[in-house]
Ligand SMILES: Cc1cc2nc3c(=O)[nH]c(=O)nc-3n(C[C@H](O)[C@H](O)[C@H](O)COP(=O)(O)O)c2cc1C
């Protein structure tokens, strides 16, 4: 129903755009010419199912940006809350200064396609071939064609993340992370929504 009194504070975007979360953080690995790296990225999204496309906004000054654009490949991971330490390390250290950031972030990995590190603790990973680069202000939106998924089957129940097994890491901004999956779960019956009777206007 339309209301007359606003609940929200209206703020000019240039004063406060950055930092209104929560959301999951992608952990992006890269490999080029024997060099491997990992970084955190809160700005990411699925873009298309067919073809499967995933996009991540990565600032050109990131060390990872150079590796990804040079190799044309990257892998996007999602880590559980108990690895918030690794998400923070991947997002606070730079591969420009730290020779082995995967080691510094205490991340175990196996070598996947294109030599990309696939993180052992991830509940899900997408191996992507870089398809499109879109300049977006101070970042570049790198859109990848997802070639392969690496799924921790134990974390999923019929392709839905099972919170009794895995607590996804949710990022609130300002280095604060929370474990998802302790609250009540509501499964809405889509048919009930579609067939809800119109409210009587009379
Ligand atoms: C939680 C979190 C989210 C971040 N999200 C992004 C992002 O979406 N895009 C980006 O370019 N940098 C993001 N960063 C910053 C990079 O991860 C950070 O600059 C990192 O040091 C880059 O590593 P690299 O230079 O080794 O590639 C984020 C950092 C943190 C901690």
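See the values below:
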{"read-out": "Top-ranked residue of the stretch 42-54 - restricted to ones that are in contact (Cβ under 8 Å) with a residue 40 or more places away in the chain and either assigned to a strand (DSSP E or B) or near the ligand (Cβ under 10 Å from one of its atoms) (or both), ranked as surrounded by the most Cβ atoms within 10 Å (Cβ to Cβ)", "value": "54"}
{"read-out": "Count of residues meeting criterion [more than 14 Å from residue 76 (Cβ to Cβ) and in a loop (DSSP other than H, G, I, E, B)] in the stretch 108-117", "value": "1"}
{"read-out": "Subset tally (residues that are surrounded by 10 or more Cβ atoms within 10 Å (Cβ to Cβ) and more than 8 Å from the ligand (Cβ to nearest atom)) for the stretch 31-41", "value": "4"}
{"read-out": "Flag if residue 91 is in a helix (DSSP H, G or I), within 9 Å of the ligand (Cβ to nearest atom) and crowded, with 17+ Cβ neighbours inside 10 Å", "value": "yes"}
{"read-out": "Filtered residue count, the stretch 151-167, keeping only those that are touching a residue at least 40 places away in the same chain (Cβ under 8 Å) and under 15 Å from the mean Cα position of the chain (by Cα)", "value": "1"}
{"read-out": "Selection count where residues are surrounded by 16 or more Cβ atoms within 10 Å (Cβ to Cβ) and touching a helix residue (DSSP H, G or I) at 6+ places or on another chain (Cβ under 6 Å), scope the stretch 162-199", "value": "4"}
{"read-out": "Scope the stretch 55-85; condition within 11 Å of the ligand (Cβ to nearest atom) and part of a helix (DSSP H, G or I); matching residues", "value": "63, 64, 65, 66, 67, 68, 84"}
{"read-out": "Residue check, residue 133 in contact (Cβ under 8 Å) with a residue 24 or more places away in the chain, more than 16 Å from the ligand (Cβ to nearest atom) and surrounded by fewer than 17 Cβ atoms within 10 Å (Cβ to Cβ)", "value": "no"}
{"read-out": "Conditions (1) within 12 Å of the ligand (Cβ to nearest atom); (2) surrounded by 15 or more Cβ atoms within 10 Å (Cβ to Cβ); (3) farther than 30 Å from residue 165 by Cβ; number of the one not met by residue 97", "value": "(2)"}
{"read-out": "Yes/no for residue 140 being surrounded by fewer than 16 Cβ atoms within 10 Å (Cβ to Cβ), in a strand (DSSP E or B) and touching a residue at least 24 places away in the same chain (Cβ under 8 Å)", "value": "no"}
{"read-out": "Pairs with Cβ under 8 Å, 6+ apart, first in the stretch 90-108 and more than 16 Å from residue 120 (Cβ to Cβ) and modelled with pLDDT of 95 or more, second part of a helix (DSSP H, G or I) and near the ligand (Cβ under 7 Å from one of its atoms)", "value": "93/101; 94/63; 94/101; 95/63; 95/64; 95/101; 96/63"}
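The values are calculated or read from the model by the stated rules, or taken from the named source; none is laboratory data. Since the structure is predicted, the reported quantities are computational estimates derived from the model, not experimental observations. Backbone-built Cβ (ideal geometry, glycine too); neighbour counts: all protein chains shown.
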